[in-house]
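What follows is one structure encoded as structure tokens, with my remarks underneath.
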Amino acid sequence: MTANATQDDRQKCLSSGMNDYLSKPIKKELLAELIEKWLEYSSVQPVEISAQTGATPEPELFNEGDMLESMDNDSEFMRSILGDAIESLPDELETLRSLLEGNDAVAIRGQAHTMKGVAANIYAPSLRETCLRIETAAKGGDIETAREILPDLELIFSLTIEKIRSKY
């Protein structure tokens, strides 16, 4: 199980000897399928990851339907998860801002990865993608590009938090 959700990440995991692959955010149906498959000792059949096709003019800030579905339509549980995320994300963003003032690519990558995971868990795809862009830049040692992405992250962050707060 990993928060690294690209096709390349999937292939790296499987090529390194892992028996299967599951990326975050976890969908109960996929997890149940994999557990069942491995409990029956069936052969390795990698999980297909659907590619997003077509670009939308507006960023997808929050996918309420998918999040609710992944939580068995338990809206109280979803509110709890969203509340925790909204409370922690501003501090996470401030930490990332501070790290981007320095030159520690490993720390920047780690912080962006943490934020990416939170964004994935609350079904905030644009926030997740923007965090991934910073993480990828830092992974390549390109701190300047990571810094250049920060204004995009701050905008998507604000819009996402605003959208979630307007609903919950």
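The values are calculated or read from the model by the stated rules, or taken from the named source; none is laboratory data. Just so it is clear, the model here is predicted, and its values are computed rather than measured. A quick note on method: Cβ atoms are made from the backbone with ideal geometry, for glycine too, and the neighbour counts reach across all protein chains shown.
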Of the candidates L89, L14, L34, L30, the one satisfying the condition of being out of contact with any strand residue (DSSP E or B) (no Cβ under 7 Å at 6 or more places or on another chain), at pLDDT 95 or above and surrounded by 13 or more Cβ atoms within 10 Å (Cβ to Cβ) is L89
Somewhere in segment 102-120, is a residue of a type in the set (S, T, N, Q) and under 28 Å from D66 (Cβ atoms)? yes
Discussion item. Within segment 101-124, does at least one residue satisfy the condition of being closer than 17 Å to E58 by Cα and at pLDDT 95 or above?
Written reply: yes
TODO: Please indicate, with yes or no, whether at least one residue in segment 143-156 is part of a helix (DSSP H, G or I), assigned by TED's automatic domain parsing to the domain that holds V106, at pLDDT 95 or above and touching a Lys or Arg at 6+ places or on another chain (Cβ under 6 Å).
DONE: yes
In segment 108-131, anything without any contact (Cβ under 8 Å) to a residue 40 or more places away in the chain, of a type outside the set (A, V, I, L, M) and touching a helix residue (DSSP H, G or I) at 6+ places or on another chain (Cβ under 8 Å) is listed as R109, Q111, T114, R128, T130, C131
Checked segment 130-157 for anything acidic (D, E) and crowded, with 18+ Cβ neighbours inside 10 Å; matches are E135
When segment 92-115 is checked residue by residue, the ones that are hydroxyl-bearing (S, T, Y) and surrounded by fewer than 17 Cβ atoms within 10 Å (Cβ to Cβ) are T95, S98
